[in-house]
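Following: one structure in structure tokens, then a few remarks.
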Amino acid sequence: MTTRKENSTNNHNEMYWKSNCGLSGTLAIIGGRWKINILAYLLNHPRLRYSELKEKLVGISERVLSAKLKELENDSLIEKIEYEGFPPKVEYILTEKGKSLKEIFDLMDRWGDQAIEKPDE
């Protein structure tokens, strides 16, 4: 992954919109190919192990899953619970902030159901 130059126009625009527009800020936190799916699975399952998430997210690499989980943890949307023992056991749960996305996700799901053209129609 490449990062933008700190003084680039694109970087300045992105930082401005993330900090001045709620919608842009929300999409910056939950957007992308995998984060919204991780959050949706955790909304429907109170706690999931790393291996369960990996199994549900068909096509995701270990590297990307680890990175996305870390980003969601840094944004305080999920919490990582580590258990002692061998083999190591790790589970992920939503924080209260993460759970607060449920209404938004429900609205997005309903909108998507209405907007997506069905093959039968």
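How high is the relative contact order of the range 1-83, given as a whole-number percent (alpha carbon pairs under 8 Å, six or more residues apart)?
Relative contact order of the range 1-83: 19 percent.
Putting +1 on Lys and Arg Cβ atoms and -1 on Asp and Glu Cβ atoms, find which of Asn44, Thr26, Asn10 reaches farthest to the positive end of the dipole of the range 1-56.
Checking the options against the dipole of the range 1-56, the answer is Asn44.
Return an integer: the convex hull volume of the alpha-carbon atoms of the range 21-75, in Å³ per residue.
Cα convex hull per residue, to the nearest whole number: 81 Å³.
Cα convex hull of the chain: mean projected area in nm², to one decimal?
Quarter of the Cα hull surface area: 10.3 nm².
For Lys97, give me every one of the lysines with a C-alpha distance below 17 angstrom, ignoring sequence neighbours fewer than eight places off in its own chain.
Straight-line reach from Lys97, under 17 Å: Lys35, Lys68, Lys70, Lys80.
For the pair Ser76 and Trp111, what calculated FRET efficiency results from E = 1/(1 + (r/R0)^6), where r is the Cβ-Cβ distance and R0 = 22 Å, to the nearest 0.05?
Efficiency for this residue pair is about 0.25.
Roughly how big is the chain's charge dipole about its Cα centre, with Cβ charges of +1 (Lys, Arg) and -1 (Asp, Glu), in debye to the nearest 20?
For this selection, approximately 360 debye.
Any idea of the accessible area per residue across the chain, 1.4 Å probe, to the nearest Å²?
Accessible surface, normalised per residue, equals 76 Å².
Ignoring ligands, DNA and RNA, what percent of the accessible area of the chain is carbon or sulfur (1.4 Å)?
51 percent
The values are calculated or read from the model by the stated rules, or taken from the named source; none is laboratory data. For clarity, every value in this text was computed on a predicted model and none was experimentally measured. FYI the Cβ positions are ideal-geometry reconstructions off the backbone, even for glycines, and counts take in every protein chain you see. Each accessible area value is taken on the protein alone, full model and side chains, heavy atoms only, with ligands, DNA and RNA left out. Shrake-Rupley method; radii C 1.70, N 1.55, O 1.52, S 1.80 Å.
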